[in-house]
Amino acid sequence: MEPHIYFDEVNERQGVFHRRTFLIGGVLGIAGMALTGRLLQLQVAEAARYQTMASQNQFRFRLIPPPRGRILDRNGVAIASNRPDFRLLVRRDEVDDAEGLIDQISLLVPVTPARRKQVLRDLEITPRAVPVAVANDLTWGEFTRVNARLPELPGVTADMGESRVYPFGGAFAHVIGYVSKVSQPDLDRAKKATPDGQIDPLLLHPGFRIGKSGVEQSLDAELRGRPGGQKIEVDSVGRVIREDPAGDRKPVAGSDVVLTLDADVQNRALEVFGEDSGAAVVIDIHTGDLLCLVSAPSFDPNRFVSGVAEAEYRALHDYDHQPLLDKSISALYPPGSTFKTMTAMAALQSGLVSQHDRIQCSGQFFFGGRYFHCWKAHGHGSVDMAEAIKSSCDVYFYQMALRIGPDRIAEVADAFGLGHTFDIGIQGQRKGTVPSTAWKKRVNAKNPANQTWFAGESLSYGIGQGALQVNALQLAVMTARLANGRKALLPRLIKSVGGVERPRGDQFGDLPFPQDRINIVRSAMASVANDVGGTAFKVSQLNLGDIKMAGKTGSAQMHGYGNTGSGAKERDTTHLPWRLRDHGLFVAFAPYDDPRYAISVILEHGLHGTNAAPKAVEIMKVALLKDPDMRQRIERPLPEDRSAPGTDGTETDDSVADPSETPVPPPPQPPVMGRPTPAGARR
């Protein structure tokens with residue numbers, strides 16, 4: 001037999017090779033197909049998406065803050081507007097040596113050590129893509145000088161934006177407030193206000209300012225507007241190559257806000273206070289519009305826009321006249337004798353007292369083992385209600401308050417707006433206190449021994465002292481409702497937002513009092529300012545033709561006067577330090593025969609209401625002279641006096657003036673008599 005040779009090992013190797021070839025080929029085929037499919041997806045199906053992403057890497061939008069809406073007075077005068085602001089911005093992601101860059105910038109524009117420290121801190125905490133302001137409010141010369149050197153300053157941009165400006169300085173500071181740089185607490189609040197916790201990029205822009213107080217804060221969203229964007233082309237590292245104006249998005253300006261205030265009345269109010277401290281409020285009796293809401297002394301809100309220095313802020317904060325406090329709505333005072341109008345209304349409403357009931361005033365009233373003094377040491381004699389209001393007799397109102405009790409007084413005070421806050425569009429109002437038996441139980445819930453209302457408390461309450469506390473706005477509302485006689489007017493400060501009118505203050509409820517009772521109090525207030533025996537006769541003359549004012553003076557004590565029989569000297573606080581002197585108050589309306597405007601003036605530590613009245617006169621004059629109807633009446637000639645010397649004094653038919661030129665006669669006046677204040681309030 002012939003031998004056979006078998007190549008089993010070779011055949012096995014070939015089989016393994018073929019199997020591996022098929023396996024690898026299959027894997028490579030599958031991988032090739034997947035790669036082809038992915039390429040098709042990227043280059044065909046998602047081509048538009050990646051083209052957009054590439055464009056976004058190539059083009060960016062610089063955020064442009066919108067112009068902030070203006071704030072205007074009732075006549076269209078701008079009381080908050082915007083001005084050009086030249087500034088330098090630095091982007092952290094384009095700067096390697098921040099300190100060296102600031103050194104270079106300081107050679108071109110002033111950079112104080114404090115500012116340098118602030119910029120370095122901002123560069124550390126601000127997101128890298130957000131620019132930081134190095135210098136603001138550059139002059140045109142500084143701005144052009146920096147522009148010429150920009151190629152040598154990497155990461156620096158010379159920018160022209162807008163800055164808030166307040167043309168009237170402190171006159172409107174407390175009402176419209178101010179804007180300032182966004183703080184970390186502002187960012188935290190904004191983050192909590194959004195569902196996803198994202199912060200509006202506008203808040204991070206170095207040129208953006210947020211409302212911090214007043215109207216600027218309460219209507220910040222409406223005033224803010226919508227931001228725009230500037231389209232720019234950048235290289236791979238984010239440096240700007242060119243701008244693309246065709247792709248810019250224009251910002252939308254914020255809404256204009258129109259207030260009911262009058263710039264002339266507001267300015268005059270701040271002027272008449274001078275260095276004194278206090279507040280003044282003027283209300284249109286027909287509409288409830290606030291023409292004046294001033295607090296003195298004031299501050300310049302322009303100083304806060306770019307950031308006020310700590311030393312300057314500390315000086316404002318520590319000054320005893322408190323210029324940062326809005327005394328028109330946030331400060332509380334006893335109303336003193338101005339409140340006697342409320343006690344009188346409560347007495348008439350109770351049915352327990354007639355306007356003709358007479359009280360004997362000897363200068364003091366002994367009750368509960370002590371003397372309650374009248375401001376007039378020797379008393380006013382026998383007085384009825386009208387005489388007691390005119391002479392501000394304390395003894396009369398002590399006894400009226402005892403007769404009717406605190407709850408009736410509180411009910412009337414509540415109806416006239418005391419103890420209320422009003423929706424005028426700004427924050428900071430304090431409600432004050434209108435005490436009653438229920439109030440005393442509530443505030444002393446943990447001390448049952450003090451829950452009882454004692455009769456002696458009613459005496460102080462009746463003359464506007466004790467626990468009673470109000471603000472200047474509430475006093476003005478009280479006076480406006482008295483003057484209107486029918487409507488429970490609500491004050492209005494915001495007239496319109498973005499052209500949309502807000503409701504007027506006379507579109508609400510009516511007063512729950514008969515007109516004849518209101519007329520009794522109004523007529524007595526006319527006597528206060530126009531009868532020789534009135535407490536404000538010498539200091540409340542308008543000298544505007546036949547237009548007269550009706551008012552009520554008041555003083556509010558700041559400490560106890562003692563309890564001796566001759567308390568007049570003890571009640572004189574002229575010799576005491578300023579902060580211990582009595583407050584002076586005055587409320588009024590004019591014309592008293594056809595009311596149009598009401599006013600309240602509080603003169604902090606001003607001693608007497610007779611010191612506050614002249615300020616009210618000057619403010620009221622401006623309001624009247626700016627009113628076309630009032631001005632026409634002022635300029636109208638008075639009727640000719642036909643009974644001049646040399647005539648027989650008799651009247652004939654042709655001596656009667658034209659009815660259209662005859663002034664409206666004043667309301668009937670009550671009989672004349674005395675004046676008032678005591679262990680609590682004064683004239």
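Taken together, the values in this text are just the output of simple stated rules run on the coordinates, not laboratory data. Quick caveat: nothing in here was measured; it's all calculated off a predicted structure. When we count neighbours, we look across all protein chains shown, and the Cβ atoms used for this are built from the backbone with ideal geometry, even at glycine.
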Residues 99, 271, 387, 457, sorted so that the one with the fewest Cβ neighbours within 10 Å comes first
99, 271, 457, 387
Cα-projected label distance for residue 446 with residue 382, points at 7 Å along beta-carbon direction, nm:
5.3
Fewest to most neighbouring Cβ within 10 Å: what's the order for 446, 390, 615?
446, 615, 390
Would you please put 411-422, 141-152, 585-596 in order of how densely packed they are, using the mean number of other Cβ atoms within 10 angstrom per residue and starting with the highest?
585-596, 411-422, 141-152
Sequence ranges 327-336, 63-72, ranked by mean other-Cβ count within 10 angstrom, highest first
327-336, 63-72
Sticking with the crude label model, points 7 Å out along Cα→Cβ, report the distance from residue 249 to residue 311 in nm, one decimal please.
4.5
Can you sort 397, 454 from fewest to most other Cβ atoms within 10 Å of each residue's own Cβ?
454, 397
Computed lengthening from residue 354 to residue 118, 0.36 nm per intervening residue step minus Cα-Cα distance
77.9 nm
